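Written out below as structure tokens is the structure these notes cover.
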Amino acid sequence: MQILIKGTKMNYKYHYDELIRKYGRTEKPDGIYTEGHHVIPKSMGGSDENDNIVYLTAKEHYIAHFLLWKIYRNTKMTYAFRFMNANRGILGSSTFKQLREEYSQKASEALAGRKNTDEQMRKQNNAVKAYYQRIGAKGKPKLKGVWPAESRATQSERMRNEHHLAKIVVVDGQEFHSLREAGRQLNVSHRTVKRWFSSGRAFYK
């Protein structure tokens with residue numbers, strides 16, 4: 001089943017309809033792994049009625065969401081297909097790069113202007129404290145600041161050597177001691193520097 005044809009412009013809607021017509025099973029078959037798929041996505045008004053659900057193999061389901069992404073290119077379809085590519089799937093590198101960049105852009109747009117309320121911050125802080133209290137019951141340090149000086153020094157050294165924010169980064173041929181330093185020197189966020197890795201503009205040394 002071919003989904004990418006170099007040098008041609010595909011009619012993704014036609015191929016999606018043909019995929020559903022040829023391979024969509026109205027009942028879950030025995031002896032073969034299948035996944036339920038909404039022909040019209042729920043995020044676009046589709047229902048849970050039987051006539052809107054077909055059963056596809058994992059590969060067919062993957063291709064269906066690839067085609068939906070190519071047809072609509074909206075936030076919901078981008079998120080859905082990005083989720084299916086958590087471990088890259090069967091995409092070629094250039095298409096996967098395009099998906100990652102588009103997902104990042106839409107995620108940034110969705111979060112733009114959002115700010116946690118005091119209540120949300122309080123809940124987050126309480127959740128963090130509760131986590132450290134739980135792991136403290138297993139003999140690990142309960143809260144930041146209670147480690148012995150020697151342990152803090154060892155942890156700091158490990159973070160400097162291993163943490164991605166403390167690795168040497170090369171951007172446009174210039175070396176920086178960490179992502180954060182690169183961001184400060186280039187007047188961008190360290191997350192922006194990290195996104196440059198996909199284009200080859202930046203990389204770890």
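Here are the numbers for the structure shown:
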read-out: Some residue of region 21-28 being in contact with a helix residue (DSSP H, G or I) (Cβ under 9 Å, 6 or more places away or on another chain) and at pLDDT below 90; value: no
read-out: Which listed residue is outside the structural domain of Arg195 (by TED's automatic domain parsing), at pLDDT below 90, over 30 Å from Arg191 (Cβ atoms) and not aliphatic (A, V, I, L, M), from Thr34, Thr78; value: Thr34
read-out: From the options His177, His164, residue that is touching a strand residue (DSSP E or B) at 6+ places or on another chain (Cβ under 9 Å) and modelled with pLDDT under 70; value: His164
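The values are calculated or read from the model by the stated rules, or taken from the named source; none is laboratory data. What you see is a predicted model; the values in this text were computed from it and never measured. Positions of Cβ are backbone-derived with ideal geometry, glycine not excepted, and every protein chain shown enters the neighbour counts.
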